[in-house]
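Input: a single structure, listed below in structure tokens.
The values are calculated or read from the model by the stated rules, or taken from the named source; none is laboratory data. Being a predicted model, the structure only gives us computed values, none of them experimental. Positions of Cβ are generated from backbone atoms using ideal geometry, with glycine treated the same way; all protein chains shown enter the neighbour counts. Please note that ligands, DNA and RNA were not included when accessible areas were found on the heavy atoms of the full protein model with its side chains. Shrake-Rupley method; radii C 1.70, N 1.55, O 1.52, S 1.80 Å.
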Amino acid sequence: MDISVVIPLLNEEDSLNELTLRIDESIKSINKDYEIIFIDDGSSDGSYKKIVDLKKKYPLIRAIRFRRNFGKSAALSAGFQRAKGEVIITMDADLQDDPAEIPNLLKKLDEGCDLVSGWKKKRHDPISKTLPSKLFNATTRVITGIGIHDFNCGLKAYRKEVIKELPVYGELHRYLPVLAHWNGFVVDEIVVKHHERKFGKSKFGARRFFNGFFDLLTVLFITRYRQKPLHLFGFLGLVSISLGFLIDLYLAVIWFQGQGIGHRPLLFLGTLLIIIGVQFFSLGLIGEMLTSARASQSIYYSTREELE
């Protein structure tokens with residue numbers, strides 16, 4: 001199997017006919033064997049029945065049906081586990097991602113990339129989606145140092161070895177390029193077409209934006225600081241202790257000048273900051289001990305070819 005197209009969906013019954021037809025046309029144009037894996041993430045409409053009907057015409061379709069809505073990350077994880085293709089394409093089911101871009105994604109992979117992310121440079125979405133998305137992408141670029149413009153684009157292409165090494169849970173699906181980069185894979189992007197939604201309504205909500213921020217912190221922990229927790233907690237501890245020391249030094253000076261300090265809130269703040277700083281250092285040291293204990297089991301590299 002050359003290509004697995006993994007498509008999470010929630011209440012997208014009306015778009016599935018056209019989506020399947022366009023995927024079939026796109027991949028047949030480059031003479032590749034493929035499969036489509038639909039993951040019905042707890043739809044309440046007739047989406048799964050539509051998939052069953054489509055399978056009669058397209059035997060290459062496979063499907064997974066969740067008992068309830070578990071989220072996009074869970075759906076992608078289930079699809080990745082069952083994918084048989086050497087290349088995995090992901091896309092949304094709402095027809096806003098264009099299946100005609102699949103050959104372009106594959107071409108970019110052939111240039112040496114391991115993960116290619118789509119960039120919806122010209123989006124056809126309301127400002128309630130585009131503005132938070134721009135803020136989210138800009139924040140992620142600054143914090144991670146990865147120059148991807150559209151981390152949350154559903155249209156991506158992965159080599160199979162990439163998805164085998166990436167954890168996908170919570171809301172981490174939008175950070176797969178970050179996780180892949182920190183695991184040593186080559187990540188790049190291409191500009192892709194984006195269309196207006198034809199059917200149904202968007203599942204985007206404000207909660208997803210806040211969840212994405214917390215998951216960004218998770219990504220930083222499990223990538224940049226996983227092998228060196230003291231670098232993070234030690235820095236926070238140093239800042240906290242330094243501030244507490246400066247506050248207490250100021251109070252000591254004015255105490256020697258004869259002023260009372262027992263009633264000053266600054267005394268309690270300075271002491272509290274020093275205690276918190278010591279706790280940060282302790283957390284970092286415990287993290288370093290745990291990291292050292294499992295260091296022999298760590299994998300620091302992955303390779304596509306190996307000579308022995």
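Some values worked out for this structure:
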{"item": "Modelled label reach - ILE286, point 7 Å along Cα→Cβ, segment 229-244 residues with backbone N closer than 18 Å", "result": "229-238"}
{"item": "ARG174 accessible area, 1.4 Å probe, all protein chains in place, Å² to nearest 10", "result": "10 Å²"}
{"item": "Gaussian network model of the chain, springs between alpha carbon atoms under 10 Å - residue of LYS156, LYS198, LYS57 with greatest fluctuation", "result": "LYS57"}
{"item": "Spatial separation of Cα centroids for segment 1-34 and segment 152-180, in angstrom", "result": "19 Å"}
{"item": "Partner lysines for LYS193 [C-alpha distance under 21 Å; skip if fewer than 8 residues away on the same chain]", "result": "LYS28, LYS107, LYS108, LYS120, LYS121, LYS122, LYS129, LYS134, LYS156, LYS201, LYS203"}
{"item": "Residue-wise HN-Hα coupling along segment 83-92, computed from phi with Karplus coefficients 6.51, -1.76, 1.60 (Hz; x: Gly, Pro)", "result": "5, 9, x, 6, 10, 10, 9, 10, 7, 7"}
{"item": "Local net charge near GLU101, Cβ-Cβ under 11 Å (Lys/Arg +1, Asp/Glu -1)", "result": "+4"}
{"item": "Residue of GLY79, GLY258, GLY237 that the Gaussian network model of the chain assigns the largest fluctuation, springs spanning Cα pairs under 10 Å", "result": "GLY258"}
{"item": "Gain upon complete extension [PHE245, ALA100; 0.36 nm per residue less C-alpha separation]", "result": "46.1 nm"}
{"item": "Per-peptide average of other Cβ atoms within 10 Å, ordering 6-18, 102-114 highest first", "result": "6-18, 102-114"}
{"item": "Estimated FRET transfer efficiency when R0 is 25 angstrom, pair ILE275-ILE254 (beta carbons, to 0.05)", "result": "0.70"}
{"item": "In Å, descending, principal axis extents of the Cα set of segment 60-140", "result": "39, 37, 24"}
{"item": "Whole-number percent relative contact order across the chain, with pairs defined as alpha carbons under 8 Å at least 6 apart", "result": "17 percent"}
{"item": "Peptide ranges 120-132, 240-252, 182-194 listed from the most packed, as the mean C-beta count within 10 angstrom indicates", "result": "182-194, 240-252, 120-132"}
{"item": "Rounded to 5, the percent of DSSP beta bridges in the chain classed as antiparallel", "result": "30 percent"}
{"item": "Segment LEU131-LYS84, extension gain: residue separation times 0.36 nm, minus the distance between their alpha carbons", "result": "13.2 nm"}
{"item": "Residue of ILE148, ILE276, ILE64 that the Gaussian network model of the chain assigns the largest fluctuation, springs spanning Cα pairs under 10 Å", "result": "ILE276"}
{"item": "Surface per residue (accessible, 1.4 Å probe) for the chain, Å²", "result": "55 Å²"}
{"item": "C-alpha long axis of helix 47-57 to longest principal axis of the chain, angle in °", "result": "40 degrees"}
